[in-house]
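First comes the structure, then the notes that go with it.
The values are calculated or read from the model by the stated rules, or taken from the named source; none is laboratory data. This is a predicted model, so every value here is computed, not measured. With ideal geometry, Cβ positions are generated from the backbone for all residues, glycine too; neighbour counts draw on all protein chains shown.
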Amino acid sequence: MLLPAGLSTTDEEQWVRRMLDRLAAKEQRRHPSDDDLLERATELSARYLDGKAVPISVRWVENQLHRWGSCTPDHGTIRLSARLRGMPAWVVDYVIMHELVHLLVPSHGPRFWALVERYPRAERARGFLEGFSMAANGAPEEC
Ligand SMILES: [Zn+2]
């Protein structure tokens, strides 16, 4: 790491620690843990669904290759494909939002989409994921 010249040892240590904290925060935004995901899901529900969807757990899964997300409404559990890791936060949030709405409405009917559209970047995120799937598999995927 390149340090600014003329720092005392204490300053230097503090500076290094600050840089490492900043890096860790950045890394966490790009690679949220399961706990981070649950916190985000709870926030999204409060913000866009009047807190009506109550997620109990949200976790990354490695074995979900044909869907971005899935959920078990009876248990309030949501699973996200590990392929979403490293994608922009607003895209991951969209998939969380999609699954949150499934906790309330199982099928992809008009009521479902009306709730999903409360997330302002829903349309853009769908386009992003469709483009990604087309490039990777030559076919779109849903959840
Ligand atoms: Zn769905």
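Examine the stretch 99-122 for a residue that is in contact (Cβ under 8 Å) with a residue 24 or more places away in the chain and closer than 15 Å to W60 by Cβ, and state whether such a residue exists.
Yes, the stretch 99-122 has at least one match.
Can you spot a residue in the stretch 32-43 that is assigned to a loop (DSSP other than H, G, I, E, B), out of contact with any Lys or Arg (no Cβ under 7 Å at 6 or more places or on another chain) and closer than 15 Å to H102 by Cβ?
For the stretch 32-43, residues assigned to a loop (DSSP other than H, G, I, E, B), out of contact with any Lys or Arg (no Cβ under 7 Å at 6 or more places or on another chain) and closer than 15 Å to H102 by Cβ: absent.
If E99 meets every condition in (1) surrounded by 18 or more Cβ atoms within 10 Å (Cβ to Cβ); (2) farther than 22 Å from H31 by Cα apart from one, which number is that one?
Only one criterion in (1) surrounded by 18 or more Cβ atoms within 10 Å (Cβ to Cβ); (2) farther than 22 Å from H31 by Cα is unmet by E99, namely (2).
Could you look through the stretch 46-75, keep only residues that are away from the ligand (no atom under 16 Å from the Cβ) and among the small types (G, A, S), and pick out the one that is farthest from the chain's Cα centre (by Cα)?
Filtering the stretch 46-75 for residues that are away from the ligand (no atom under 16 Å from the Cβ) and among the small types (G, A, S), the one farthest from the chain's Cα centre (by Cα) comes out as G51.
Which residues, counting only those in the stretch 51-103, are in a loop (DSSP other than H, G, I, E, B), among the basic types (K, R) and more than 15 Å from E141 (Cβ to Cβ)?
Listed by number, the residues that qualify are K52, R85.
Return the only residue of D11, D50, D74 being farther than 25 Å from W113 by Cβ, acidic (D, E) and out of contact with any strand residue (DSSP E or B) (no Cβ under 8 Å at 6 or more places or on another chain).
One residue alone meets the criteria, D11.
Please go through the stretch 56-66 and pick out each residue that is within 20 Å of R83 (Cβ to Cβ) and at pLDDT 95 or above.
Passing the criteria: S57, V58, R59, W60, V61.
Would you mention how many residues in the stretch 114-143 are loosely packed, with under 14 Cβ neighbours inside 10 Å and within 11 Å of the ligand (Cβ to nearest atom)?
Matching residues across the stretch 114-143 total 1.
The rows are residues; the columns are (1) of a type in the set (S, T, N, Q); (2) under 14 Å from P32 (Cβ atoms); (3) touching a Pro at 6+ places or on another chain (Cβ under 9 Å); (4) touching a residue at least 12 places away in the same chain (Cβ under 8 Å).
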{"site": "Q64", "(1), (2), (3), (4)": "yes, no, no, yes"}
{"site": "W68", "(1), (2), (3), (4)": "no, no, no, yes"}
{"site": "P73", "(1), (2), (3), (4)": "no, no, yes, yes"}
{"site": "L84", "(1), (2), (3), (4)": "no, yes, no, yes"}
{"site": "M97", "(1), (2), (3), (4)": "no, no, no, yes"}
{"site": "A136", "(1), (2), (3), (4)": "no, no, no, no"}
